[in-house]
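Quick notes on the structure that follows.
The values are calculated or read from the model by the stated rules, or taken from the named source; none is laboratory data. The shown structure was predicted, so the numbers you read here are calculated from the model rather than taken from an experiment. Positions of Cβ are generated from backbone atoms using ideal geometry, with glycine treated the same way; all protein chains shown enter the neighbour counts.
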């Protein structure tokens, strides 16, 4: 007798024999099932060697079903493979790696695909998908999705959340209490004595039965602390809903990615429940839970994984699901080397996006226009995929079967465009806005990483030629946009990969640019939109040489008064908060001027503010916390020939017994004399009198110069402010210095 | 991520650096003029890269000339304007 | 510094030296390209086409004779060698070991792949020979030393290049 359950698919993970599924059912119950789920990997190569693999596999104790099959390799077409179906899914990993070690010369496929992705591909489901599950007792017979990952506004699952937060940052102090919140109740409990804490937590877990345990510093400290406590005291904590399984602990590690050191902290994952750590969830600050759930939804990765994804994993997950559904073999290693080019060909192909040198100075009534998700759009429209042969370079839509990459990206891109359209039409206070924005951001983040992934050396479906083709199309599109603008008498102020700034006398509002946008869309075949209308925008020159324009340092005020800033101090992560705040305030003062004609008044106000801020600094009224510099440690301490300030601060941390790994940030103050820095997160607080005030004053004035000097120059250069002043050649003045030294 | 060719800016700085002996031997005032010439070439690096010329320095020279001529044209306009003013 | 090496059919020449050797290898490519076709296999992301172009005065007919392919992983390196045809052109393989220093691939696997690469190199050098450059890793290790040993064993000749010290400043008068 079969039962039918409708609800949301909550989790899927392997157990000893098959797959455990959890479902959040419509009737409010959380139910678990088991499902048989054999999974397969494949091997190709010399027939003699395949026979040896066959014999080797038969001799292993893992139950498998072996057969010869014809399957499609994306690059080589249909090939003969040995199909190895492993009946107990948890055992595939180990068996596969042993096989690959024993017979390494064979070519392997579908070897290291996460189980959740296989399941998602096989049944068309995904985390929190609405579905219908047919069961007999505990055994799931079939699962059918009633949902797609591409819905803008899916019906939300009624998640129960338990929140746990230590009362201070464990890396910087000793937490004494933990804040507990569940079902509207909030209270705190001391961490010691341990037994009452554990007994209470255990009771809370059983009573609330949360779906999500949301912590702060849970991955890096709290969960491990609680687990250890539970072991020591002997009180069981039912963190897992599935008490037959162990809590999953993943160790921290450091790795190289795109020439940068990246540090990944420890992770603690639960079974039957989710554990998410606010401080260890990629982009939690930007998207929150909505974004994480969206990430899980579109990538197929389980929620606990989706929250901690590194760049590239999200996109590769999506590609794997596409490949599995299309019946295309997923190679274990990327084998394709680059097809040969001539030296001249390399000169032509090895380029990135077009990055222009802006017209330095202040420009009024400028419009910023951007291609929407240009690179993914190019991949989809022109069918750029590693396995699709390329023909010419004209911007014509490609015919023929879509390749894996465009097939994967197209629905995601459509969803992003749909969100963008929806957000424009939704009222300001529509309660759906935050969720839409979070989901749109998740989609945007994935799309942004997919281009880099296309060229990534380890990407299974990556290829340098495809990567180069995308940038070539991008350059062509940008140039056609420039030509369209110039044909329509617009002045092109700046261009940057997928966007440009233009202006034309008499064009002061969005509607004046409609015709241009249409013309560009027509000539390029790619969607383009107005990023915003600036009252004025300033493009800055190089800090080292005022004659040299730089592409990525600018600030401007939109017509609605909002500010856009790139590349200057307040946008840099290592700028002390005090200085970033002052610079931001200066920008806000300037933004207060109704238009560029009234900037001189704003400039005076700004100068007054700077003098006041410098006074506060000199008088010692700025808290040390506001003067903290936060820098990443870029390499092991031993590798520095002359230690950077960050390295010197890390040495101090190490002397105090606190380790800082390359890729992590360290906070410090600049102090007088040697060593010139004082790490912040040491046990004893620093002496405020040692702070190197003159150095901070220099930094403050420099940050002020960045913003005020171009305005000053602009006022001095023009009478009656002609539309665009090209201030190429202006020197960064030190008017502020003389202003202040006179006091 | 597969970028093998140095960026056009990096290459430009290397080319500029290869003239350091020439620069050193110039009089100070002439050094500043040379610096100005190189700075003017930096206005058109994006186009120089897109040009994919086998010898980019030729494009840098052309850029310097372009900026020089711009200045000449601007001055010519100014002179004409001054000369055409009634006494 | 100029590398006065001539590739010869029947075997390949190993040039080991610091990373500052890279431009010298490119000068070698330029010199060979003036005489005929050259196959460049770039395992170290070193093929600065600007430098090569300058060395041949930008002449397109010379640049057109240089064929370049890049490998970014040791698997790709082997693939590259296996897909390179044995032609009448000598090869120049830049920094063969770069992709083999990647410790995310197991040591025994890298050894296996390198062995296959060397075997293919021997085959490719039958017609017109070739030159292989190699530089030490950023962090020295046993694996790197072992790999270098394998290369030396497979090479017909080995050159150890030492880059000359920078020209000293003329002595100050005061």
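Looking across A:241, A:251, A:231, one residue alone is more than 14 Å from chain B (Cβ to nearest Cβ), over 30 Å from residue B:3 (Cα atoms) and more than 34 Å from the chain's Cα centre (by Cα). It is A:231.
Quickly run through the range A:145-157 and pick out the residues that are in contact with a strand residue (DSSP E or B) (Cβ under 6 Å, 6 or more places away or on another chain) and surrounded by fewer than 14 Cβ atoms within 10 Å (Cβ to Cβ). Walk me through it before giving the result.
Pass one, the range A:145-157, residues in contact with a strand residue (DSSP E or B) (Cβ under 6 Å, 6 or more places away or on another chain): A:145-147, A:157.
A:146 - this is the single residue of the range A:145-157 that is in contact with a strand residue (DSSP E or B) (Cβ under 6 Å, 6 or more places away or on another chain) and surrounded by fewer than 14 Cβ atoms within 10 Å (Cβ to Cβ).
Considered as a group, the residues in the range A:96-123 that are out of contact with any helix residue (DSSP H, G or I) (no Cβ under 7 Å at 6 or more places or on another chain) and free of Cβ contacts under 8 Å to residues at least 24 places away in the same chain include one that is surrounded by the fewest Cβ atoms within 10 Å (Cβ to Cβ), and that residue is A:101.
Quick one: count up the residues across the range A:624-665 that are part of a loop (DSSP other than H, G, I, E, B) and touching a helix residue (DSSP H, G or I) at 6+ places or on another chain (Cβ under 8 Å). Break it down into steps so the answer makes sense when it comes.
Kept after step one, since they are part of a loop (DSSP other than H, G, I, E, B), are these residues of the range A:624-665: A:628, A:633-636, A:640-644, A:656-664.
Pick out the ones that are also touching a helix residue (DSSP H, G or I) at 6+ places or on another chain (Cβ under 8 Å) and you get A:628, A:633-634, A:640, A:643, A:659-660.
Total satisfying the criteria: 7.
For the range A:269-287, filtered to residues that are outside any helix (DSSP H, G or I) and out of contact with any strand residue (DSSP E or B) (no Cβ under 9 Å at 6 or more places or on another chain), the residue that is surrounded by the most Cβ atoms within 10 Å (Cβ to Cβ) is A:281. Quick one: would you say residue A:141 is closer than 21 Å to residue A:30 by Cα, in contact (Cβ under 8 Å) with a residue 24 or more places away in the chain and surrounded by fewer than 16 Cβ atoms within 10 Å (Cβ to Cβ)? So residue A:141 fits the description; yes.
Please find, among C:93, C:121, the residue that is closer than 26 Å to residue C:36 by Cα, within 14 Å of chain A (Cβ to nearest Cβ) and at pLDDT 95 or above.
Details: C:121 fails: within 14 Å of chain A (Cβ to nearest Cβ).
None of the other options fit; the residue is C:93.
When C:40, C:15 are checked against the criterion of being within 23 Å of residue C:153 (Cα to Cα), in contact (Cβ under 8 Å) with a residue 40 or more places away in the chain, within 13 Å of chain B (Cβ to nearest Cβ) and touching a strand residue (DSSP E or B) at 6+ places or on another chain (Cβ under 6 Å), C:40 stands alone in meeting it. The single residue among C:146, C:89, C:138 that is without any contact (Cβ under 8 Å) to a residue 40 or more places away in the chain and outside any helix (DSSP H, G or I) turns out to be C:138.
Yes/no matrix, rows are residues, columns are (1) under 22 Å from residue A:457 (Cβ atoms); (2) within 14 Å of chain B (Cβ to nearest Cβ); (3) modelled with pLDDT under 90:
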{"residue": "C:69", "(1), (2), (3)": "yes, yes, no"}
{"residue": "C:85", "(1), (2), (3)": "no, no, no"}
{"residue": "C:88", "(1), (2), (3)": "no, no, yes"}
{"residue": "C:101", "(1), (2), (3)": "yes, no, no"}
{"residue": "C:104", "(1), (2), (3)": "yes, no, yes"}
{"residue": "C:110", "(1), (2), (3)": "yes, no, no"}
{"residue": "C:139", "(1), (2), (3)": "yes, no, yes"}
{"residue": "C:150", "(1), (2), (3)": "no, no, no"}
{"residue": "C:168", "(1), (2), (3)": "no, no, yes"}
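Residues of the range A:512-523 that are crowded, with 18+ Cβ neighbours inside 10 Å and either touching a strand residue (DSSP E or B) at 6+ places or on another chain (Cβ under 8 Å) or not in a helix (DSSP H, G or I) (or both): A:513, A:516, A:517, A:520. Only residues that are part of a loop (DSSP other than H, G, I, E, B), surrounded by fewer than 18 Cβ atoms within 10 Å (Cβ to Cβ) and modelled with pLDDT under 95 were counted across the range A:466-511, and they come to 4. At least 3 residues being on the phi < 0 side of the Ramachandran plot and touching a helix residue (DSSP H, G or I) at 6+ places or on another chain (Cβ under 6 Å) is the threshold, and among the helices (runs of 4 or more DSSP H) wholly inside chain B those reaching it are B:8-17, B:28-41, B:45-51, B:56-83. All conditions but one from (1) within 14 Å of chain C (Cβ to nearest Cβ); (2) over 15 Å from the mean Cα position of the chain (by Cα); (3) within 30 Å of residue A:462 (Cα to Cα) apply to residue B:50; the one that does not is (1).
Of all residues in the range C:61-78, those satisfying the criterion of being in a helix (DSSP H, G or I) and either buried (at least 21 other Cβ atoms within 10 Å of the Cβ) or touching a strand residue (DSSP E or B) at 6+ places or on another chain (Cβ under 9 Å) (or both) are C:62, C:63, C:74, C:75, C:76, C:77, C:78.
Of everything in the range A:533-553 that is out of contact with any helix residue (DSSP H, G or I) (no Cβ under 7 Å at 6 or more places or on another chain) and surrounded by fewer than 20 Cβ atoms within 10 Å (Cβ to Cβ), the residue that is farthest from the other protein chains (Cβ to nearest Cβ) is A:543.
Since residue C:24 meets every condition but one in (1) more than 13 Å from chain B (Cβ to nearest Cβ); (2) more than 12 Å from the chain's Cα centre (by Cα); (3) over 21 Å from residue C:78 (Cα atoms), which condition does it not meet? With (1) more than 13 Å from chain B (Cβ to nearest Cβ); (2) more than 12 Å from the chain's Cα centre (by Cα); (3) over 21 Å from residue C:78 (Cα atoms) applied to residue C:24, the lone miss is (2). Selection of the range C:43-58 for residues being farther than 25 Å from residue C:100 by Cβ and either facing chain B (nearest Cβ under 7 Å) or part of a loop (DSSP other than H, G, I, E, B) (or both) yields C:50, C:53, C:54, C:56, C:57, C:58.
Of everything in the range A:413-451, what is under 21 Å from the mean Cα position of the chain (by Cα) and farther than 18 Å from residue A:298 by Cβ? Give them in sequence order. Result: A:433, A:434.
State whether the residues of the range B:29-36 include one that is over 16 Å from residue A:545 (Cβ atoms) and either more than 12 Å from chain C (Cβ to nearest Cβ) or in contact with a strand residue (DSSP E or B) (Cβ under 6 Å, 6 or more places away or on another chain) (or both). So far as the range B:29-36 goes, yes, one or more of its residues are over 16 Å from residue A:545 (Cβ atoms) and either more than 12 Å from chain C (Cβ to nearest Cβ) or in contact with a strand residue (DSSP E or B) (Cβ under 6 Å, 6 or more places away or on another chain) (or both).
Of the strands (runs of 3 or more DSSP E) lying entirely inside the range A:176-268, those carrying at least 2 residues that are crowded, with 18+ Cβ neighbours inside 10 Å are A:177-182, A:212-215. For the range A:379-388, a residue qualifies if it is crowded, with 24+ Cβ neighbours inside 10 Å and either within 13 Å of chain C (Cβ to nearest Cβ) or without any contact (Cβ under 8 Å) to a residue 60 or more places away in the chain (or both), and exactly one does: A:380.
Each residue in the range A:450-465 was checked for being within 14 Å of chain C (Cβ to nearest Cβ) and assigned to a helix (DSSP H, G or I), and 6 of them qualify.
Yes or no, residue by residue, for (1) in contact with a helix residue (DSSP H, G or I) (Cβ under 8 Å, 6 or more places away or on another chain); (2) closer than 26 Å to residue A:231 by Cα:
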| position | (1), (2) |
| --- | --- |
| A:150 | yes, no |
| A:169 | no, yes |
| A:172 | no, yes |
| A:180 | yes, yes |
| A:183 | yes, no |
| A:189 | yes, yes |
| A:204 | no, yes |
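Residues in the range C:104-133 that are more than 21 Å from residue C:28 (Cβ to Cβ) and touching a strand residue (DSSP E or B) at 6+ places or on another chain (Cβ under 9 Å): C:104 alone.
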